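One structure is given here, and the rest of the page talks about it.
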Amino acid sequence: MKRPAKAAPVSVSAALRGFRLNTYTLTLLTVIVFGVVTLAPRVQTWVIQRQQIAEAQAAVDKAKQDVLDMQEERKRWEDPVYIRAQARDRLYYVMPGEVSYLVMDADGVDMSDTSGTVGAMLAERANTDEISTDIRQTSNNWVDAVLESVIRAGIEEPVEETAGE
């Protein structure tokens, strides 16, 4: 059996010489270029829309997860033990017979207080047994103060601070 003879290497210039530019080739190139120019914006729009759909789907998934989290939170609030724990943590409530300790800053604590708690000291100051017969009037009306604050916030210009002050 004979082996086929190896083909001689064809150079690029020889291949291009055999290529002729005729009307069929020009028409085919024109159709390809027209197709690319026509479809490129549509493909770009399709890609952008796919990205927007993916972002919207992610937002919907996050919203669904948030709803599930809220439902779990609502179920927790139906449990009396959880409510008691939240009252202890957030409102500093204690059960009858328990003692609550609240640590405050050292500057605001009166060390001469002998009752043991700052709350007892403040309550003792506020609650006196003597009943006053004279009418006390505050130095300013809180309604006027709120109204003045709103008006000043709408009228006054902010003052710029300089570095030299």
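The values are calculated or read from the model by the stated rules, or taken from the named source; none is laboratory data. None of these values were measured; they are calculated from a predicted model. Here Cβ is always computed from backbone atoms with ideal geometry, including for glycine, and neighbour counts include all displayed protein chains. What goes into the accessible areas is simple: the full protein's heavy atoms, side chains included, and nothing from ligands, DNA or RNA. Shrake-Rupley method; radii C 1.70, N 1.55, O 1.52, S 1.80 Å.
Annotations for the structure displayed:
- Reported count of residues in segment 122-165, each being assigned to a loop (DSSP other than H, G, I, E, B) and modelled with pLDDT under 65, is 5.
- Breaking point among (1) open to solvent by 100 Å² or more (accessible area, probe 1.4 Å); (2) modelled with pLDDT under 90, for residue 52: (2)
- Any hit, segment 50-60, residues being over 30 Å from residue 99 (Cα atoms), without any contact (Cβ under 8 Å) to a residue 60 or more places away in the chain and either hydroxyl-bearing (Ser, Thr, Tyr) or touching a Cys at 6+ places or on another chain (Cβ under 6 Å) (or both): no
- Scanning segment 70-87 turns up at least one residue that is at pLDDT 75 or above and part of a loop (DSSP other than H, G, I, E, B).
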